[in-house]
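**Q** My structure is below; once you've seen it, I'll send some questions.
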Amino acid sequence: MNSVQLNPTPSTARTPLNSFYFPTKNRRFCGSTIRCAAATAKARAFNITLLPGDGIGPEVVSVAKDVLHAVASFNGITFHFEEMPVGGNALDLAGVPLPDETLSNAKKSDAVLLGAIGGYKWDNNEKHLKPETGLLQLRAGLGVFANLRPATVFPQLVDSSTLKKEVAEGVDLMVVRELTGGIYFGKPRGFDKDENGDEIGFNTEVYAGYEIDRIAHVAFETARKRRGKLCSVDKANVLEASMLWRKRVIKIASDYPDIELSHMYVDNAAMQLIRDPKQFDTIVTNNIFGDILSDEASMLTGSIGMLPSASLGESGPGLFEPIHGSAPDIAGQDKANPLATVLSAAMLLRYGLGEEDAAKIIENAVQETLNKGFRTGDIFSSGKIDLGWYCLFQKLVGCKEMGEQVLCSIDSQKLAATQILIKFVVEACGGNADS
Ligand code: IPM
Ligand code: MG
């Protein structure tokens, strides 16, 4: 076999990660001067590459695009969207799952929003012609090594979880998954024959120290912004790559004495996530364990249709995508839940563009939509929901209607903010805004 190869060492330019950890100050109401956001805030213009992809991807991305448009007008932001093919639709159009134009466009943009890729049609393609290969090439091409996958149980959806209410209630964790290394990319890999002439398939789980160090830093910083607890998940009782992982994470921990670090083997972590998920705050793990554990964590929340993700690198744009797949069985039927993509758009604003206010508006709108009882099929459980302070009846809606409801809620936030601003200005001028 060939010797093990590593990804090239990356550069260290200004990064989306830097802007996340040192976010831009709120630029709308600075100092004591009263300013009208729409009139005087410095206009911010961003280029967004949209990669709707396959299956339900185009439906959910279309909703998220409308939502981004809606918050933009509210916040003095201008978006320029460019839609490009990736995955199965790129295979059909251009014969490859990631055309060069798609990658170069994505690299030049400020952030990339992806729907989902894959479908039955391409399932039997050779590996280099699989839609999934396009996604991995995109992640590698953008250098987005840090994948943040939050799993939060919304109080309105606690009954959608398959776990008992007392176990699921209050779960709020973040999986920090290493995304551009490990067994997904390690070499050597391939198919061969063994000494008996039997077929073999092989992959290599490999991590270099720098790859572990940089994801560990992201994870410690993430834990610091949350509840200060980090659990590093590995298989250090068996795998050398995990032994190195644990050693390097422990070394990096000395830079973060305020963070409580623990270690867990991945088999135990899979069990603990079901037994007592509230013990977790931030989890950091390698590419393949993160893939598996984040799907498991999503089910704590009731539906994978609710979970967004952000993938960030050391420089260049971040990649934002729901963690669900392309769901070809319901594609084109207006049944998909767009909220994971809408929440990914919120992550795009927060982590990708430093637009915290706009991100919050989207998240509030999602909360309000759920509070009003709107549910797509994946999160619908017939009957009323007892929220403690009131009971509400669920309304089963499709993807488009769910999007409309989120837009309505953004509009009502706009209205409320405008009313507050008018009252503030009138009062500052000595008038009575209520008269
Ligand atoms: C994910 C997906 C991808 C992965 C597939 C589609 C290549 O499962 O984003 O979790 O394995 O990373
Ligand atoms: Mg996965």
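The values are calculated or read from the model by the stated rules, or taken from the named source; none is laboratory data. Owing to the predicted nature of the structure, the values given are computational and were not obtained by experimental measurement. For neighbour counting, all protein chains shown are included, and Cβ atoms are generated from backbone atoms with ideal geometry for every residue, glycine included. Side chains are part of the model used for accessible areas, which takes the heavy atoms of the whole protein and leaves out ligands, DNA and RNA. Shrake-Rupley method; radii C 1.70, N 1.55, O 1.52, S 1.80 Å.
**Q** What are the aspartates and glutamates whose alpha-carbon lies under 18 Å from the alpha-carbon of LYS165, with same-chain residues fewer than 8 places away excluded?
**A** Leaving aside aspartates and glutamates fewer than 8 places away in the same chain, those within reach of LYS165 are ASP276, GLU296, ASP378, ASP386.
**Q** To continue, here is another question. Which of the peptides 147-160, 59-72 is most tightly packed, and how do the rest follow, going by the mean number of other Cβ atoms within 10 Å of each residue?
**A** Result, highest mean Cβ count within 10 Å first: 59-72, 147-160.
**Q** Is the C-alpha gyration tensor of segment 115-198 telling us rounded, prolate or oblate? Criteria: a/c under 1.5 is rounded; beyond that, a/b larger than b/c is prolate, otherwise oblate.
**A** In terms of gyration-tensor shape, prolate.
**Q** Another one. Can you give me the long-range amide H partners of GLU314? Hydrogens built in the peptide plane at 1.01 Å from N, cutoff under 5 Å, separation of 5 or more residues or another chain.
**A** Answer set, sorted by chain and number: PHE145.
**Q** Another one. For a test of the definition: using alpha carbon positions, the gyration tensor, and the 1.5 limit on a/c, classify segment 227-302 as rounded, prolate or oblate.
**A** Oblate is the answer for segment 227-302, as a/c is 1.5 or above yet b/c matches or exceeds a/b.
**Q** Of the listed peptides 322-329, 191-198, 259-266, what is their order by residue-averaged count of other C-beta atoms within 10 Å, with the highest listed first?
**A** 322-329, 259-266, 191-198
**Q** If you don't mind, another one. For the Cα atoms of the chain, what angle does the longest principal axis make with the long axis of helix 57-75, in degrees from 0 to 90, nearest 10?
**A** Roughly 40 degrees between the two axes.
**Q** So for LYS235, LYS107, LYS400, what's the accessible-area order with a 1.4 Å probe, most first?
**A** Details: LYS235 40, LYS107 110, LYS400 145 Å².
Largest accessible area first, the residues go LYS400, LYS107, LYS235.
**Q** Would you be so kind as to identify which of THR376, VAL425, THR301 lies farthest towards the positive end of the dipole of the chain, taking Lys and Arg as +1 and Asp and Glu as -1 on Cβ and the Cα centre as origin?
**A** With unit charges placed on the Cβ atoms, the residue in question is VAL425.
**Q** Now for a different question. Based on the mean of other beta carbon atoms within 10 Å per residue, what is the order of 341-350, 134-143, most packed first?
**A** 341-350, 134-143
**Q** How far is helix 356-371 tilted off the main Cα axis of the chain, in degrees rounded to 10, range 0 to 90?
**A** For helix 356-371, the angle is close to 80 degrees.
**Q** Rounding to the nearest 10 and keeping the result within 0 to 90°, find how far the Cα-based axis of helix 131-142 lies from the longest principal axis of the chain.
**A** That helix lies at roughly 80 degrees to the long axis.
**Q** As a test, work out the antiparallel percent of DSSP beta bridges whose residues both lie in the chain, rounded to the nearest 5.
**A** 40 percent
**Q** Something else: Starting from the Cα gyration tensor of segment 279-402, take the square roots of the eigenvalues, sort them a ≥ b ≥ c, and report rounded, prolate or oblate (rounded when a/c is under 1.5, otherwise prolate if a/b is larger than b/c, else oblate).
**A** Working: a/c = 1.60, a/b = 1.47, b/c = 1.09.
Prolate, because a/c is 1.5 or more and a/b exceeds b/c.
**Q** Let me spell out the model: positive unit charges on the Cβ of Lys and Arg, negative unit charges on the Cβ of Asp and Glu, origin at the Cα centre of the chain. What dipole size does that give, in debye rounded to 20?
**A** That gives a dipole near 1420 debye.
**Q** Take the alpha-carbon positions of segment 173-301, form their convex hull, and give its projected area averaged over all directions (one quarter of the hull surface) in nm². Intermediate values should be presented prior to the final figure.
**A** Working: hull surface 35.0 nm².
The number I arrive at for segment 173-301 is 8.8 nm².
**Q** How compact is the chain by the rule of thumb for globular proteins, expressed as Cα Rg over 2.2 N^0.38 Å?
**A** The chain yields a ratio of 1.02.
**Q** Beyond a 32 Å Cα-Cα separation, which of these cross-linked pairs lie in this structure: LYS107/LYS372; LYS121/LYS247; LYS130/LYS335; LYS225/LYS251?
**A** As for pairs spanning more than 32 Å Cα to Cα, those are LYS107/LYS372; LYS121/LYS247.
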